[in-house]
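*Asks:* Below is one structure. I have some questions about it.
The values are calculated or read from the model by the stated rules, or taken from the named source; none is laboratory data. Since we're looking at a predicted model, the values are computed, not measured. With ideal geometry, Cβ positions are generated from the backbone for all residues, glycine too; neighbour counts draw on all protein chains shown.
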Amino acid sequence: MKKDMSPKKGETPEKEKQQGKKGRLRIRREDVERMLILCASALVVALALRQGGGTVLSPAEPTTVNVPVVSDATALASAETQPTVVYYQDGEGYLVPVTRQVDKTDGIAKATLNLMVASSANDLTAARLGLKTTVPEGTKIDLDIAEGKARVDLSKEALNCQNAEQEGLMVASVAQTLCEFDSVDEVSFLFDGQKRSKLTYGTDVSGTFTGKYVNLESMETLADAGAHTVQLYFPSETGRMLVPVTRTVFSDADVTTAILELAKGPRSDSGLSAPVPKDCGLLGVHMKDGVVTIDFTKEFMAAAQGEGGVQALRAIMFTAAQFPGVRQVKIAVEGQEYQPPQEAQSTFLNQEAEMITYYPGVIEID
């Protein structure tokens, strides 16, 4: 499969998806630590079931889901730390956003980029998440942001990528990470203080990057007249994280189109999982006063109650909540309001602490 990571018109394609699946090294922690975590998790689940009764279909008021915007930091912020979004690489060649807690600093954007540079500490943190850093070891970063434009200067070590794919991942991940900040609309690059048109393996860095097309499925269809794009969120094959995918559509790029495309599932060779069963129908998507209500057929419950139910629900909610004006997302099944479990409700995508807690025993790296 070839998965394009391409910028908008006037920009340059950033990568091709790697062929095939890579091998994984599986490292298990101490049995004692694992047992303690599992026991604690079991106790929490038991208490929740005892208090909540395990009801899945409820005529009560549906759950309100906060729109997942990075600038809404109050839910995770503390006196000493603040949340930030870091883009890493997974084993399939996708870029994956992870919400991490970092020490408060005036230079949060630069501090976030430094987390992506290969080093012993950064590589270990990424590996615990099942991911990898994207910027070559030893790279120094200088950053200037003014009037929505970010100019990032990477030292000569950034030119030490091993192939074109790594170059594309580095450029795309830096642009995506910076564009998560409200103060950044577009990104341009310098390398060792100099403007370059191309990198060592031909990656075009002459233009500006908006971070709009993360993990673009097909650049060819994007060039067609009348084409638009929507961003979808699919669970990874392991269920550890949600992966954003940009899909080209030939209808309005609105919440209805996005949910219809999400229900179709990922491409068969993508290495991603479908959040909605194939036999599940979509009865309707309605938006009123900033509230989106998504109504599925009864087959939806197979996904909601299955092993990957939490991530399936989050995939729907994050996909719907990305559109301007959306304040709440509600789910219905055959017209009945459905209340997702508390753990499915999240303002922040792929929270670092949660990813490690849910999967404490295995580290997956290439």
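Quick grid of which residues meet (1) at pLDDT below 95; (2) of a type in the set (Val, Ile, Thr); (3) more than 28 Å from LEU124 (Cβ to Cβ):
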site	(1), (2), (3)
LEU262	no, no, yes
ASP295	no, no, yes
ALA303	yes, no, yes
GLY308	yes, no, no
GLN342	yes, no, yes
ILE356	yes, yes, no
PRO360	yes, no, no
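*Asks:* Among (1) more than 24 Å from the chain's Cα centre (by Cα); (2) surrounded by fewer than 17 Cβ atoms within 10 Å (Cβ to Cβ); (3) of a type outside the set (A, V, I, L, M), where does THR139 come up short?
*Replies:* Tallying (1) more than 24 Å from the chain's Cα centre (by Cα); (2) surrounded by fewer than 17 Cβ atoms within 10 Å (Cβ to Cβ); (3) of a type outside the set (A, V, I, L, M), THR139 fails exactly one: (2).
*Asks:* Suppose we keep only residues that are among the polar types (S, T, N, Q) and out of contact with any Ser or Thr (no Cβ under 8 Å at 6 or more places or on another chain) within the stretch 185-211. Which one would you say is surrounded by the fewest Cβ atoms within 10 Å (Cβ to Cβ)?
*Replies:* Filtering first and then ranking leaves GLN194.
*Asks:* Among the residues of the stretch 258-272, is any among the polar types (S, T, N, Q) and closer than 17 Å to GLN322 by Cβ?
*Replies:* Checked against the condition, which is being among the polar types (S, T, N, Q) and closer than 17 Å to GLN322 by Cβ, the stretch 258-272 yields no hits at all.
*Asks:* Within the stretch 151-159, is there a residue that is under 23 Å from the mean Cα position of the chain (by Cα), buried (at least 21 other Cβ atoms within 10 Å of the Cβ) and at pLDDT 95 or above?
*Replies:* Scanning the stretch 151-159, I find at least one residue that is under 23 Å from the mean Cα position of the chain (by Cα), buried (at least 21 other Cβ atoms within 10 Å of the Cβ) and at pLDDT 95 or above, so the answer is yes.
*Asks:* Just one of the numbered conditions (1) at positive phi; (2) at pLDDT below 85 is not true of ASN350; which one?
*Replies:* (2)
*Asks:* Next up: Only residues that are surrounded by 22 or more Cβ atoms within 10 Å (Cβ to Cβ), of a type in the set (Val, Ile, Thr) and part of a helix (DSSP H, G or I): list them for the stretch 223-258, please.
*Replies:* VAL255
*Asks:* Filter the stretch 196-222 for residues that are in a loop (DSSP other than H, G, I, E, B) and touching a residue at least 60 places away in the same chain (Cβ under 8 Å) and give the result.
*Replies:* THR203, VAL205, SER206, GLY207, THR208, THR210, LYS212, TYR213, VAL214, ASN215, GLU217, SER218
*Asks:* Further question: Among the candidates PHE318, PHE296, single out the residue that is under 23 Å from GLN101 (Cα atoms) and either of a type in the set (Lys, Arg) or out of contact with any helix residue (DSSP H, G or I) (no Cβ under 7 Å at 6 or more places or on another chain) (or both). Talk me through it step by step, then tell me what you get.
*Replies:* Values: PHE296 fails: under 23 Å from GLN101 (Cα atoms).
Of PHE318, PHE296, the one residue that is under 23 Å from GLN101 (Cα atoms) and either of a type in the set (Lys, Arg) or out of contact with any helix residue (DSSP H, G or I) (no Cβ under 7 Å at 6 or more places or on another chain) (or both) is PHE318.
*Asks:* May I ask you to list the residues in the stretch 201-213 that are modelled with pLDDT of 95 or more and touching a Leu at 6+ places or on another chain (Cβ under 8 Å)?
*Replies:* Once the filter is applied, which keeps residues that are modelled with pLDDT of 95 or more and touching a Leu at 6+ places or on another chain (Cβ under 8 Å), the stretch 201-213 yields only VAL205.
*Asks:* Related question: Exactly one of (1) more than 21 Å from PRO235 (Cβ to Cβ); (2) modelled with pLDDT under 95; (3) not charged (D, E, K, R) is unmet by SER119. Its number?
*Replies:* (2)
*Asks:* To continue, here is another question. For a quick check of your reading: which strands (runs of 3 or more DSSP E) sit entirely within the stretch 91-184 and have at least 2 residues that are touching a residue at least 60 places away in the same chain (Cβ under 8 Å)?
*Replies:* Ranges flagged: 95-103.
*Asks:* Examine the stretch 342-359 for a residue that is among the small types (Gly, Ala, Ser), assigned to a helix (DSSP H, G or I) and within 21 Å of TYR87 (Cα to Cα), and state whether such a residue exists.
*Replies:* Yes, that holds for at least one residue.
*Asks:* At pLDDT below 95 and within 22 Å of VAL85 (Cβ to Cβ): does that describe THR221?
*Replies:* no
*Asks:* Pairs only if they're at least six apart or on different chains, beta carbon under 6 angstrom, first in the stretch 276-287 and more than 11 Å from ILE331 (Cα to Cα), second surrounded by 13 or more Cβ atoms within 10 Å (Cβ to Cβ) and β-branched (Val, Ile, Thr); list them, first residue then second.
*Replies:* From residues that are more than 11 Å from ILE331 (Cα to Cα), the pairs are CYS280/THR297; GLY281/THR297.
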